[in-house]
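The structure appears right after this line, and notes come after that.
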Amino acid sequence: MHATLEQMTVWGLVSEASLLVQLVMLTLVLASLASWYLIITRSLALGRCERLGRLFLRRARQTPELAQLYRQGAAEGDDDAALERIFRAGYAEYAQLRREPGIAAEAVIEGVERQLLVAISEEEERLARGLPLLATVGSVSPYIGLFGTVWGIMNSFIGLSQVQQATLSTVAPGIAEALIATAIGLFAAIPAVIAYNRFSARAGVLGARFYAFGNELQGRLHRSLQGSPSLVQAA
């Protein structure tokens, strides 16, 4: 039996809702919790990635010898040190190719460029973690809530067909409990959509920084090769 108008509360309406509507509400609450977990964790991870990237870029530009910077690095255990991992991947390839006898400087730079592209692609995948789920929650939640609302209102009208006289006290509780599903769906969707757009923009900015640093690193390595007598003669 539905609560009266004077006794209606949100929790009371939820407890009085049909089983299917309650399942819809539970699904939306779980989706909202998952999206908030991702919002918090990804926000912290992106912030740390941006901070570590700025610190490493400053350190790289202040260090005249890239070999020294490579020996000082220790990014393997830090998932957020993306820029340093890109540097280490590129410089490791440079050091390996440079030891090959008779290799031309252009071949070294081309090998470094390919390795940098692979490393940047891997870091972009790291930045995109969780974004598909946020997009799914943001796009699907309103429709799931609307489904619960339609089902609840349909049940309310079916119940009205079984009474002789319909009053506001008999109509309102059923419609109100159905609309709660839509409200929960919007509560789950709106933060997910905002976070998805925000994180996508921040990931795009970080990706652009990765490519800019890759070009800067290639330039420094190319200048270093120009000063290598053996490679200059091979070229």
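The values are calculated or read from the model by the stated rules, or taken from the named source; none is laboratory data. Fair warning: this is a prediction, and the values are worked out from it, not measured in the lab. Cβ coordinates were reconstructed from backbone atoms using ideal geometry, including for glycine residues, and neighbour counts include every protein chain displayed. Just the protein is used for accessible areas: all its heavy atoms, side chains included, with ligands, DNA and RNA removed. Shrake-Rupley method; radii C 1.70, N 1.55, O 1.52, S 1.80 Å.
Select from segment 1-33 the residues that are in a helix (DSSP H, G or I), open to solvent by 40 Å² or more (accessible area, probe 1.4 Å) and at pLDDT below 75 and list them in ascending order.
V10, W11, S15, E16
Taking segment 71-84, which residues are open to solvent by 40 Å² or more (accessible area, probe 1.4 Å), of a type outside the set (S, T, N, Q) and either modelled with pLDDT of 90 or more or over 30 Å from F199 (Cα atoms) (or both)?
Selection gives R71 alone.
Between a residue in segment 95-119 that is within 14 Å of R223 (Cα to Cα) and any residue that is among the basic types (K, R) and modelled with pLDDT under 90, which pairs come within a Cβ distance under 9 Å, given they are 6 or more apart or on different chains?
Matching pairs, first to second residue: V108/R98.
Look through segment 196-226, keep the residues that are over 18 Å from I86 (Cα atoms) and small (G, A, S), and return whichever of them is farthest from the chain's Cα centre (by Cα).
S224
Just checking, how many residues over segment 138-154 are touching a residue at least 40 places away in the same chain (Cβ under 8 Å), open to solvent by 60 Å² or more (accessible area, probe 1.4 Å) and farther than 16 Å from S32 by Cα?
Final tally of qualifying residues: 2.
Suppose we keep only residues that are exposed (fewer than 13 other Cβ atoms within 10 Å of the Cβ) and basic (K, R) within segment 97-128. Which one would you say is farthest from S43 (Cα to Cα)?
Only one residue fits best here, namely R99.
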